[in-house]
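K.L.:
This is the structure I have questions about; it appears just below.
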Amino acid sequence: MDKRKVGNILGVTSILSVIISIIVFYAERGPNADIYFIIINFSILSIIGILFAILSWKMSKQLILLIVGLIGNVFVLAAAYLLLLAMGISEP
């Protein structure tokens, strides 16, 4: 495989981590949802997605994969941070 094809695969994988986070968010909801599992899942997937987006740009030099991957994963990481902040505020 050449570097461009590997870069494209990493870029798609970066976007896929955002999609998996959205699926987990809608699958794990309700009063019995483990919120800390969701926060950890969001954090890990978004950090991996950000790394894949940066590596994708380094290998394939396609700016669109970097932008879409970074924006999506930063949004998921911000949502995880806000969930963690809300859980910290609500604890007595």
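K.L.:
Within region 20-37, how many residues turn out to be touching a helix residue (DSSP H, G or I) at 6+ places or on another chain (Cβ under 8 Å) and farther than 11 Å from Val76 by Cα?
P.N.:
Qualifying residue count, region 20-37: 4.
K.L.:
Further question on the same structure: Out of Ala79, Ala86, which single residue is loosely packed, with under 15 Cβ neighbours inside 10 Å and in a helix (DSSP H, G or I)? Steps first, please.
P.N.:
Numbers: Ala79 fails: loosely packed, with under 15 Cβ neighbours inside 10 Å.
One residue alone meets the criteria, Ala86.
K.L.:
Being over 16 Å from the mean Cα position of the chain (by Cα), within 15 Å of Leu55 (Cα to Cα) and acidic (Asp, Glu) narrows it down to one residue among Asp2, Asp34; which is it?
P.N.:
Values: Asp34 fails: within 15 Å of Leu55 (Cα to Cα).
The conditions single out Asp2.
Here is a yes/no grid of residues against (1) touching a residue at least 24 places away in the same chain (Cβ under 8 Å); (2) hydrophobic (A, V, I, L, M, F, W, C):
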{"residue": "Gly7", "(1), (2)": "yes, no"}
{"residue": "Val24", "(1), (2)": "no, yes"}
{"residue": "Asp34", "(1), (2)": "no, no"}
{"residue": "Ile38", "(1), (2)": "yes, yes"}
{"residue": "Leu45", "(1), (2)": "yes, yes"}
{"residue": "Gly49", "(1), (2)": "yes, no"}
{"residue": "Ser56", "(1), (2)": "yes, no"}
{"residue": "Ser60", "(1), (2)": "yes, no"}
{"residue": "Gly72", "(1), (2)": "yes, no"}
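Quick note: the coordinates plus some simple rules give every number you see, no bench work behind them. All values reported here derive from a predicted model rather than from experimental measurement. Cβ atoms come from the backbone with ideal geometry, glycine included; neighbour counts cover every protein chain shown.
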